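The values are calculated or read from the model by the stated rules, or taken from the named source; none is laboratory data. Being a predicted model, the structure only gives us computed values, none of them experimental. Don't worry about glycine lacking a Cβ; one is built from the backbone with ideal geometry, like all the others, and counts go over all protein chains shown.
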Amino acid sequence: MTSSPQESAPTTPVETVEVNGYIEEIKGVRVLRVWGSHQEMGYAQGYLLADDLAELFGHHLFDTMFANLPREWTYERVLGLMEQYILWPEGYREEMEAMVRGVEAALGELPQITHERIEAGSVTMNADMIALLNAHTDLLDLPRDCCSFAAWGAVTGDGYTRVGGNQQGQRGPLHDYVLLMVRQPDYGLSTACSNTVGSLTCMRGMNETGVAEMPQGAETPWVTVDGPCYAGMHARLVLEAQAAGPDLASRVAEMFEEYPRCGSSVFLFAQGTSSWDNPQPDQVALVIEHDYTGVTVRLPSHNRLHGNPLTEAIVATNHFLQREISPSARTTRESDRRYDAMVAALQEGVTDLADMQRVLIACDKGGVAQQSVYVEPDAMTIHVAFRPSADAPHSPAQTPASFTWKELFMPLEDLVDK
């Protein structure tokens, strides 16, 4: 796999565009701030992360994406599959195209990507590659080994909601490109999320009203997709559109039903309730279990059906619980182990960040987590721990870097047009 400047006729000079964003390292974490429309935020990400994107596509993405596919599966074949099945929410395709323009503006020209799986031998970096980066888990149905939880009320002592989640699995090239992404769109709610370079969605984070989300992949029986379905942009879609409130569960479920996904996944959502009078458990948190066949909502009131005696906490791993399906025995066994370990840890209480780490360490028995994120929506604080290398301590045991909402967004007050 090589990446080199395009060898072709001179290109049209790139028009200079204002960059709605900047990147800096804070507390050892790269923080990317972008604002504006889909196009403006996409251009800023492409411009500010141009070197990372060129390296990611030039040396890692194709090897990672095609590693588990038969050799006859080429870039062109996967691209055709994506064009046949994958839909994008409004504005996302334009965001990808703007990201490519940002890369070109920063580098002067777009990299030429060469790989044995490209039938033509090489191709100029383009928006389709960014689309594949964001949709490959939908196309290939790759499960993840992740854990997440939310606790509040008596479980947390002070009643405040505490949410945590991690991403496990073998460390791969994409883990070298993690950052904290701060978005302030002109069409929706602001968000702060862990992310990877080139990603259009949110991995783990919250929005400005204190709605937190933690995703994990799921292994469900493979179903034949009969028609178009949406790429997994659901975390960002929800966080940018849905404010905290007692009816959060129904509003989130409606959004997932509006955007049926090709792949399968499990999402945990929770919100702060410090300003509420007598919040009910089913108003605080929910788990969405969804794939192409439908959406199922799991609520705290369902806990006792699934071995969780707590009424003010909820847990999610990598298999569906509320819907009767039959994933592989290995997936169910390991996912059940992680689920039970977190439930046991939650019963000891979750009063501070150290307790939140303890819950994820109980889940991460093998010490393989690549990133861990902890959110305290009542305090509007996010804590992130990214595993810097394959031989570094696993992230649940690392000391996270902590950021208040004010720290992340105050620097934008003088930059963003009101």
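Worth a mention:
- Residue tally, condition touching a residue at least 60 places away in the same chain (Cβ under 8 Å) and β-branched (Val, Ile, Thr), over the stretch 233-283: 1
- Pairs where the first residue, in the stretch 396-411, is closer than 17 Å to Asn166 by Cα and the second is of a type in the set (D, E, K, R), C-beta under 6 Å, 6+ apart: Pro396/Asp364; Ala401/Lys27
- Segments classed as helices (runs of 4 or more DSSP H), wholly inside the stretch 27-93, with at least 3 members that are closer than 30 Å to Pro411 by Cβ and out of contact with any strand residue (DSSP E or B) (no Cβ under 7 Å at 6 or more places or on another chain): 38-48, 50-55
- Among all residues of the stretch 302-312, there is none that is over 17 Å from Arg162 (Cα atoms), crowded, with 19+ Cβ neighbours inside 10 Å and under 24 Å from the mean Cα position of the chain (by Cα).
- Scanning the stretch 372-418 for residues that are surrounded by 18 or more Cβ atoms within 10 Å (Cβ to Cβ), modelled with pLDDT under 85 and not in a loop (DSSP other than H, G, I, E, B) gives Ser395, Pro396.
For every residue, the table says whether it meets (1) of a type in the set (Val, Ile, Thr); (2) crowded, with 21+ Cβ neighbours inside 10 Å; (3) more than 18 Å from the chain's Cα centre (by Cα); (4) assigned to a helix (DSSP H, G or I).
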site: Val100; (1), (2), (3), (4): yes, yes, yes, yes
site: Glu109; (1), (2), (3), (4): no, no, yes, no
site: Gly157; (1), (2), (3), (4): no, no, yes, no
site: Gly165; (1), (2), (3), (4): no, yes, no, no
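- Options Ser264, Ser274; residue that is surrounded by 21 or more Cβ atoms within 10 Å (Cβ to Cβ), modelled with pLDDT under 95 and either closer than 18 Å to Asn166 by Cβ or touching a strand residue (DSSP E or B) at 6+ places or on another chain (Cβ under 9 Å) (or both): Ser264
- Residue that is farthest from Cys363 (Cα to Cα), among those in the stretch 311-353 that are polar (S, T, N, Q) and at pLDDT 95 or above: Thr311
- Checking Ala150 against (1) at pLDDT 95 or above; (2) surrounded by fewer than 20 Cβ atoms within 10 Å (Cβ to Cβ), the condition it does not meet: (2)
Here is a yes/no grid of residues against (1) under 21 Å from Ile130 (Cα atoms); (2) in a loop (DSSP other than H, G, I, E, B):
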| residue | (1), (2) |
| --- | --- |
| Ala235 | yes, no |
| Leu239 | no, no |
| Ser250 | no, no |
| Met255 | no, no |
| Phe269 | no, no |
| Ser274 | no, yes |
| Gln283 | no, no |
| Glu289 | no, no |
